[in-house]
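Since the structure comes first, as structure tokens, the remarks are kept for the end.
The values are calculated or read from the model by the stated rules, or taken from the named source; none is laboratory data. All values reported here derive from a predicted model rather than from experimental measurement. Counting neighbours? That spans all protein chains shown, and the Cβs are built from the backbone with ideal geometry, glycine included. When the accessible area is computed, the model is the full protein with side chains, heavy atoms only, and any ligands, DNA or RNA have been set aside. Shrake-Rupley method; radii C 1.70, N 1.55, O 1.52, S 1.80 Å.
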Amino acid sequence: MTEEIIIAGFGGQGVLSMGKILAYSGIMEGKEVTWFPSYGPEMRGGTANVTIIVSDVKISSPVLHEYDTAIILNQQSMDKFEKMIKPGGTLLYDPNGIIYPPKRKDIDIYMVEATKTSVEMGNPKVFNMIVLGSFLKIKTVVTLDNVEKGLQKSLPERYHDLIKLNIDAIKKGQEIIEVVYSCRN
Amino acid sequence: MGELRLMKGNEVLAEAAIRCGCDGYFGYPITPQSEVMETLMASEPWNTTGMVVLQAESEVAVINMVYGAAGSGKKVMASSSGPGISLMSEGISYIAGAELPCLIVNVQRGGPGLGTIQPSQADYFQAVKGGGHGDYKMIVLAPASVQEMNDFVDLGFELAFKYRNPAMILTDGAIGQMMEKVELSDYKPRNTVDEIEKIAGNWATTGKKPGNRRNVVTSLELDSARMEENNLRFQQKYKKMEEEECRFEEILCSDAEYVIVAYGTSSRVCQKSLEIARSKGFKVGLLRPITLFPFPKKAIAKLAEKVKGFLSVEMNAGQMIEDIKMSVYEAGKNVRIEHFGRMGGIIPTPGEVVDELEQKFS
């Protein structure tokens, strides 16, 4: 199994940390992982993306030209990455701020209202964990147990009281995900 | 098994330095390697192993601090990116001339000039052909993963002390900024005063004891006959490195008709290109130099006996290709040797490399 993922959105949305938690969970699962960020003169409000590869075998290129899954969290990223998903691949997006929804007919498309739900949950910061939960509902590349271990490893100890909140958000994401289009029908 | 962690290449350099018993790190911040010093400062190794971490006022100061500390037989290192390494080059030449061991890391970014902060491999010539003045060579290690960032710190110091010569880790912003699973090395204690005396007592300035000869550390020798003798000794040393320290990895080369030569980040990209090319029935292999000096000349010459062509894939305008050509021509072979590169901070994609292979060789 090799899953090649791009997570793309605004800086400050937790794109990089979501990727980091996913990658750490992969290690807890005994898998090989790479986390390759777009680094640069970026800031809150600018675009940010990270390529995550989780695999049973040694990973070759950390840089890719096509992805199994794209997790897209703003319009600029939709414009850039919708076309870079492999045929038969998966697109997961948050409709908040998306003006032009995805059009491809050769991929599976899912939607998660993570921005709205995180506000309803009273903590917009768990936004990225809701998205992560939705992704894990579609692709169980790691188990929830290992995500919890990944959170323990990647969060400094002073934040460990927040792990339950994050796990709840992941579970919420698993519940509220919606199928928009399936290419297998 | 050592401790498993998810870490950035830059963070691993810092952690590996502490764990291998490094005595001192000197640095000056520059993207994309600032996490090296940040991690060291946050770890405060001066409270645990006693390692010194110091931010100097400039790269010129950094390399001269390394020069001084290395002269006392200590295990010392510095890291920077291209613009900083250019400033350090004079000092590196002095260190090579004075025959001192040290480890220098270049986390390359796109140049020339201030350029960009994105990954590049355009400092190949600078690392391999000199950079500074005079006939000197450095052992140059090119890690292709975060794990090798860990492993090559210890290896770099080992080789530097074995040959009393500066060693360089030549990496780039991609491996520096990327996180991967890494198995960290176990802690080794720093050398004690007695151990340093044993290892370096006959050349380092460890303090003159009664009855001992004075050790003088210098690269200056005004008598040109003696300076030539020094040079002959250096050249013998570099030749020995070429004979004994060449490291490389061959992937799917046994039945290959074409061979990609690539190191570091571009070698990772090309491994994916191999998978794609092979699925199209294109018999392609990869030779990954792990040491850039010494360059795997013999391995290239051997492949030149049976392959139809080489493609040098580099994140530059074509630098390593000159060493590939030298290796092939010195062996009296005649094979097509092509280059593909992206510049200015762009990493080629696996698909692009396959397109180039098809265009150039079919």
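Structure notes:
- Note that the range B:248-361 shows a convex hull volume over its alpha carbon atoms of 86 Å³ per residue.
- Normalised by residue number, the volume inside the convex hull of the Cα atoms of chain A is 116 Å³ per residue.
- Protection proxy ranking for B:209-218, B:250-259, using the average of other Cβ atoms within 10 Å per residue and placing the highest first: B:250-259, B:209-218.
- Rounded percent of accessible protein surface that carbon and sulfur make up, chain A, 1.4 Å probe: 53 percent
- Chain A: most fluctuating residue of A:I109, A:I99, A:I85 per GNM, C-alpha cutoff 10 Å: A:I99
- Per the Kirkwood formula applied to alpha carbons, the range B:29-129 shows a radius of gyration over Rh ratio, Rg over Rh, of 0.97.
- Average beta carbon contacts from partner chains per residue of B:341-351, 10 Å cutoff: 2
- For the range A:134-158, a drop of 20 Å² or more in accessible area on going from the chain alone to the assembled protein chains (1.4 Å probe) is found at A:K153.
- Rounded to the nearest 500, the helix-only mean residue ellipticity at 222 nm of chain B stands at -13000 deg cm²/dmol, with each DSSP H run of n ≥ 4 adding -39,500 (n - 2.57).
- Between B:P348, B:V269, B:A256, the Cα set farthest toward the positive side of the dipole of the range B:248-361 (charges on each charged residue's Cβ, about the Cα centre) is that of B:A256.
- Within the listed set A:Y100, A:Y110, A:Y67, the residue fluctuating most in the Gaussian network model of chain A (springs between alpha-carbon atoms under 10 angstrom) is A:Y100.
- For the set B:M138, B:M65, solvent exposure ranked by accessible area (probe 1.4 Å, protein chains only) runs largest to smallest as B:M65, B:M138.
- Over chain B: Kirkwood hydrodynamic radius from C-alpha pairwise inverse distances, Å: 21.0 Å
- Taking every DSSP bridge with both residues inside chain A, close to 60 percent are antiparallel.
- For the range B:35-111, the set of GluC sites (Glu not before Pro) satisfying both a DSSP loop assignment and a count of at most 10 other C-beta atoms within 10 Å is given as B:E57.
- Fluctuation leader among A:M121, A:M78, A:M28 - chain A, Gaussian network, Cα springs under 10 angstrom: A:M121
- Over chain B, Cα pairs under 8 Å with separation of 6+ residues give a relative contact order of 18 percent.
- The eigenvalues of the Cα gyration tensor, multiplied by 5 and square-rooted, give the range B:136-239 an equivalent ellipsoid with semi-axes of 33, 21, 9 Å from largest to smallest.
- Test item: Cα-centred dipole of chain B, Lys/Arg +1 and Asp/Glu -1 on Cβ, debye: 680 debye
- The residues of the protein assembly as shown present an accessible area of 42 Å² per residue when probed at 1.4 Å with all protein chains retained.
- Centre-to-centre, using Cα atoms only, the range B:67-133 and the range B:274-294 are separated by 29 Å.
- Surface share of carbon and sulfur [accessible, 1.4 angstrom probe, percent] for the range B:301-362: 47 percent
- Rounded to the nearest whole angstrom, the semi-axes of the ellipsoid equivalent to the protein assembly as shown, taken from the Cα gyration tensor as √(5λ), stand at 44, 30, 18, largest first.
- Projected area averaged over orientations for the range B:4-183, convex hull of C-alpha atoms, nm²: 8.8 nm²
- Average beta carbon contacts from partner chains per residue of A:31-38, 10 Å cutoff: 5
- Overall, chain A carries a charge dipole of about 140 debye about its Cα centre when +1 sits on the Cβ of Lys and Arg and -1 on the Cβ of Asp and Glu, all other atoms neutral.
- Applying Stokes-Einstein at 25 °C and 0.890 mPa s to the Kirkwood radius of the range B:64-115, computed over alpha-carbon pairs, gives a translational diffusion coefficient of 214 µm² s⁻¹.
- Positive minus negative residues near B:E250 (Lys, Arg vs Asp, Glu; Cβ under 13 Å): +3
- Dimensions of the range B:280-331 along the principal axes, based on C-alpha atoms and rounded to the nearest Å, stand at 33, 26, 18, largest first.
- Per the accessible-area calculation with a 1.4 Å probe, the total area buried between chain B and chain A rounds to 2100 Å².
- For chain A, the mean residue ellipticity at 222 nm estimated from helices alone is -10500 deg cm²/dmol, where every DSSP H run of n ≥ 4 contributes -39500 (n - 2.57) and the total is divided by all residues, rounded to the nearest 500.
- Over chain A, relative contact order from alpha-carbon pairs under 8 Å, at least 6 apart, %: 24 percent
- Eigen-decomposition of the gyration tensor built on the alpha-carbon atoms of the range A:123-185 gives equivalent ellipsoid semi-axes of 25, 13, 7 angstrom, largest listed first.
- For the range B:244-321, lysine pairs with C-alpha atoms less than 19 angstrom apart, excluding pairs fewer than eight positions apart on the same chain, total 10.
- Taken residue by residue and averaged, Cβ atoms of other chains lying within 10 Å of the Cβ of B:264-273 number 4.
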